[in-house]
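A.B. asks: Next up is a structure, given as structure tokens.
The values are calculated or read from the model by the stated rules, or taken from the named source; none is laboratory data. Model, not experiment: these values are computed from the prediction. Note that each Cβ is placed from the backbone with ideal geometry, even for glycine, and that neighbours are counted across all protein chains shown. These accessible areas exclude ligands, DNA and RNA; they are computed on the full protein's heavy atoms, side chains included. Shrake-Rupley method; radii C 1.70, N 1.55, O 1.52, S 1.80 Å.
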Amino acid sequence: MFAADNGLRGDPRLKAIADAISVVPNFPKPGIMFQDITTLVSNHKAFKHTVDIFVDRYRNMGISVVAGIESRGFIFAPPIALAIGAKFIPLRKPGKLPGEVISEAYELEYGNDCLEMHVGALEQGERVLVIDDLVATGGTLCAAIRLLERQGAEVVECACVIGLPELKSEHCWMENRFMSWSSLANRNSISDGRSLEEILETPIYMDANELLELR
């Protein structure tokens, strides 16, 4: 769900956050409107609004772990974890973590990728919040959920700063249940006039295949 649909409609902080995110046309390839969060995090008021809204949502959910997805998830997850009294766990790309790791591979339109975390980073039954900067099709979030659940975690929710409404991936299908995500800003990423069906036939972001039910 978008934050505006979750009791925050009309909240001036949402506009401040959206206005602080820069849009870079045709990056990294033609037809993509790149959502640049560097201008958000360099605006201390908008950055604080972002963290505060997430903290307000999650402070009383009994979350003990905030997992951030490499790399931009690392910007938002630690301050949220500190504010709600949880520990931070990084979910990293292959070869970045020392020691014993557990891995989860997932498919992209242009190949494969993988997330890793340290074995023993969390305890059985810990309640986890997953943080990333942007959700498009949800493929990376679904991989993060699988990885954490293999370690015995209970993933409470996934939260992102930006959601792309033209790819309606509000729910990630995982073993006959839905994992909801929340996002603060809904943005348009497509600039070449194609329909949703055309976008999905030639995905710009991730082809989540069986991991995602588009709604």
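A.B. asks: If you check every pair at least six apart or on different chains, which have Cβ atoms under 7 Å apart with a residue in the stretch 48-64 that is at positive phi and in contact (Cβ under 8 Å) with a residue 60 or more places away in the chain first and a residue that is of a type outside the set (Gly, Ala, Ser) and not in a helix (DSSP H, G or I) second?
C.D. replies: Gly62/Arg127
A.B. asks: Would you check if there is a residue in the stretch 2-22 being in contact with a strand residue (DSSP E or B) (Cβ under 7 Å, 6 or more places away or on another chain), within 23 Å of Ala143 (Cβ to Cβ) and either exposed (fewer than 14 other Cβ atoms within 10 Å of the Cβ) or not β-branched (Val, Ile, Thr) (or both)?
C.D. replies: yes
A.B. asks: From (1) within 14 Å of the chain's Cα centre (by Cα); (2) assigned to a strand (DSSP E or B); (3) at pLDDT 90 or above, pick out the condition that doesn't hold for Ala143.
C.D. replies: Going through (1) within 14 Å of the chain's Cα centre (by Cα); (2) assigned to a strand (DSSP E or B); (3) at pLDDT 90 or above one by one, Ala143 breaks only (2).
A.B. asks: Hey, another quick one. Which one of these does Leu40 not meet: (1) open to solvent by 90 Å² or more (accessible area, probe 1.4 Å); (2) within 19 Å of Asp132 (Cα to Cα)?
C.D. replies: So Leu40 meets the others, but not (1).
A.B. asks: If you take the residues in the stretch 25-37 that are of a type outside the set (Gly, Ala, Ser) and closer than 15 Å to Leu164 by Cα, which one is surrounded by the fewest Cβ atoms within 10 Å (Cβ to Cβ)?
C.D. replies: Filtering the stretch 25-37 for residues that are of a type outside the set (Gly, Ala, Ser) and closer than 15 Å to Leu164 by Cα, the one surrounded by the fewest Cβ atoms within 10 Å (Cβ to Cβ) comes out as Asp36.
A.B. asks: Tell me which of these Ile63 doesn't satisfy, since it passes every other one: (1) more than 14 Å from Ile131 (Cβ to Cβ); (2) open to solvent by less than 30 Å² (accessible area, probe 1.4 Å); (3) not basic (Lys, Arg).
C.D. replies: (1)
A.B. asks: Suppose we filter the stretch 12-40 for residues that are of a type in the set (Phe, Trp, Tyr) and either part of a loop (DSSP other than H, G, I, E, B) or at pLDDT 90 or above (or both); how many remain?
C.D. replies: 1
A.B. asks: Hey, another quick one. Conditions first: (1) part of a helix (DSSP H, G or I); (2) of a type in the set (A, V, I, L, M, F, W, C); (3) surrounded by fewer than 17 Cβ atoms within 10 Å (Cβ to Cβ); (4) out of contact with any helix residue (DSSP H, G or I) (no Cβ under 6 Å at 6 or more places or on another chain). Ala81 passes all but one, so which condition is the exception?
C.D. replies: (3)
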